[in-house]
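Here the structure comes first, spelled out in structure tokens, and everything after it is commentary.
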Amino acid sequence: MMKFTTKADVQRQIRIWKKLYKSVALVPTMGALHEGHLSLVRKAQSVAERVVVSIFVNPTQFNNADDLSKYPRTEEADLALLRELGVHAVFTPAVAEIYPGDTQTVVSVPELAAPWEGAGRAGHFEGVATIVSILFHMLTPDVALFGEKDFQQLRIIEQLTTDLHLPVKIIRGELIRDKSGLALSSRNERLSDVGRKTALSLHESLLTIQELYRAGTSDVDTLLAAGTKILADTDGLTTDYLAIVEESTLAPAKELCGNTYRTLVCGYVEDVRLLDNMRL
Ligand code: PAF
């Protein structure tokens, strides 16, 4: 596995692959890799001939300095996992390599970024959209893979890729859960055993809504009330939002008719912000 830290070196290698007509997949990450990331890498290996994983804890998407400093950094373990999987190259730039100091340009996808995660985290999605655009321009992948776990992020990246006519195909990776049903996230490391059990209510509320819907309940308020009750009855869980949204616009569904819908949930357990979602 090759490891690059500079733009010049990684670009040189990608140019060589392109001259050999090898397709290149990019899996952008912030490290602290878990099975969710590894499943994206395996998918990347099945769709492209060369796979690059970037590991970069992007400061501009953290609106809280404490959250940035607490973000787990586990580079040695990450590299070992990627080497074992047979990844061709890892790109681990320093902050100054990406943002050399005089950066002014920001990529914004205002409508998709406004609600849900965007409502309480000013600038978060501008940070995500900007770093993803930078990585796409710098590494020129043919395909890039993002997990459905961060569904709003995924939709924003799909939209910016379309809007900016970027020649990158976005591939969705399914949300991966542990055996108990907890959605895998680097943030789970910060939960105690009790916290992990408490967090399962997020999944339970999504499942309840999905089961009721599939059994014939189509009234949005009834579905949300059933999910809300599970969350409200869970000690140690503070809900930020529970919403049934239309998948492409992320707008709250008023009635369920024909389109594809998804339930989004976010809550705090032991001060850790946790996200989950499920297609209806
Ligand atoms: O989902 C993540 O890990 C990050 O938001 C991403 C897409 C790598 C951008 O920094």
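Residues in the range 48-61 carry Karplus couplings, in order, of 9, 7, 10, 10, 10, 10, 9, 10, 8, 7, 7, x, 6, 9 Hz; the curve used is 6.51 cos²θ - 1.76 cosθ + 1.60 with θ = phi - 60°, and Gly or Pro positions show x. Residue separation of ASP9 and GLU204 scaled by 0.36 nm, minus their Cα-Cα distance, works out to 65.5 nm of gained length. Extension gain, THR103 to HIS165, is 20.1 nm, computed as 0.36 nm per intervening residue step minus the present C-alpha separation. Close amide H contacts of VAL51 (hydrogens built in the peptide plane, cut-off under 5 Å, sequence separation of 5 or more or a different chain): ALA25, HIS88, ALA89.
Mean projected area of the convex hull spanned by the Cα atoms of the range 68-192, taken over all viewing directions: 9.6 nm². Prolate is the label for the chain, because the ratio a/c of its alpha-carbon gyration tensor axes (a ≥ b ≥ c) is 1.5 or higher and a/b is greater than b/c. Listed by chain and number, the lysines whose C-alpha is less than 27 Å from the C-alpha of LYS18, apart from same-chain residues fewer than 8 away, are LYS3, LYS7, LYS43, LYS169.
Computed over the alpha carbons of the range 117-184, Rg followed by Dmax gives 13.3, 40 Å.
Phi angles across the range 177-188 convert, under the Karplus curve 6.51 cos²θ - 1.76 cosθ + 1.60 with θ = phi - 60°, into 3J(HN,Hα) values of 10, 7, 4, 7, x, 5, 5, 5, 7, 4, 5, 4 Hz, Gly and Pro given as x.
Quick one: LEU160, LEU26, LEU68, fewest Cβ neighbours within 10 Å first, how do they rank?
Ordered from fewest to most neighbouring Cβ atoms within 10 Å, LEU160, LEU26, LEU68 come out as LEU68, LEU160, LEU26.
For the range 148-280, the alpha-carbon radius of gyration amounts to 1.09 times the rule-of-thumb value 2.2 N^0.38 Å expected for a compact globular protein. Converting phi to 3J(HN,Hα) with the Karplus coefficients 6.51, -1.76 and 1.60 and the offset θ = phi - 60°, the range 211-221 yields 5, 4, 4, 6, 8, x, 7, 10, 7, 4, 5 Hz in sequence order, with x at every glycine or proline.
Between the amide H of GLY147 and those of GLY173, distances stay under 5 Å, these residues lying 5 or more places away or on another chain, with hydrogens modeled in the peptide plane. Taking amide H atoms as placed 1.01 Å from N in the peptide plane, the amide H of ARG177 lies under 5 Å from those of LEU184, each 5 or more residues away in sequence or on another chain.
Going by a ≥ b ≥ c, the root eigenvalues of the Cα gyration tensor, does the range 1-60 fall in the rounded group (a/c under 1.5), the prolate group (a/b larger than b/c) or the oblate group? Taking the square roots of the gyration eigenvalues as a ≥ b ≥ c, the range 1-60 is oblate.
Read the figures in this text as sums done on the coordinates, not as results from a lab. Since we're looking at a predicted model, the values are computed, not measured. For neighbour counting, all protein chains shown are included, and Cβ atoms are generated from backbone atoms with ideal geometry for every residue, glycine included.
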